[in-house]
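Everything on this sheet refers to the single structure shown next.
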């Protein structure tokens, strides 16, 4: 080991060079670290934007699924309604036909009642004529009844 001043100066120069290299490496690493941290911040910011975009996309998909479900239910109800409407129309036709039959029956009954009413009036007129014809006979019958009563009484 050389302990001379020249050797010490050379060793010191080596150490100074190494130290300068280390300082430059350290400065370079510090700069790279700052750049990496800035890049990381940018990437994290992009990831947050991407995450928010994915959340909004999820909400949009759920909304579309809900709308599709509502439309499918509406279509199913519409189709069921068409069947119901058809059934209601058929029942309406049946009820209309039945109503026509009942109406026809009522018209026949009305006609029969009108005929019965007419016959009843004619019969009442005939009874009144008969009563008018029988009035004199009734008087005779009453007279005979009074006479017969007296005829059956004992003579005193």
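Only the coordinates and a few stated rules stand behind these numbers; no lab work does. Worth saying up front: this structure is predicted, and the values here are computed from it rather than measured. With ideal geometry, Cβ positions are generated from the backbone for all residues, glycine too; neighbour counts draw on all protein chains shown.
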Discussion item. I want to verify a result. In a Gaussian network model of the chain, Cα cutoff 10 Å, which of these has the top mean-square fluctuation: 137, 102, 43?
Written reply: 137
Worksheet item: Using 7 Å Cα-to-Cβ label points, what is the residue 122/residue 108 separation (nm, one decimal)?
Response: 2.2
Worksheet item: For region 16-43 and region 45-106, what is the separation of their Cα centres, given in Å?
Response: 67
Fill in: Of 23, 79, 41, the one that fluctuates the most in a GNM where the chain has Cα springs shorter than 10 Å
23
Discussion item. Quick one: the Cα spread of the chain along its three principal axes, in angstroms, biggest first?
Written reply: 206, 42, 21
Worksheet item: Pulled fully out, how much extra length does the chain show between residue 142 and residue 27, if you take 0.36 nm times their separation in residues and subtract their Cα-Cα distance?
Response: 25.6 nm
Worksheet item: Between residue 56 and residue 98, what length in nm is gained on full extension when 0.36 nm per residue of separation is reduced by their alpha carbon distance?
Response: 9.0 nm
Practice prompt. Go ahead and set up a Gaussian network model of the chain, Cα springs under 10 Å, then flag whichever of 129, 100, 72 fluctuates most.
Written response: 129
Discussion item. Could you give the length gained by full extension between residue 38 and residue 3, i.e. 0.36 nm per residue of separation minus their alpha carbon distance, to one decimal place?
Written reply: 7.7 nm
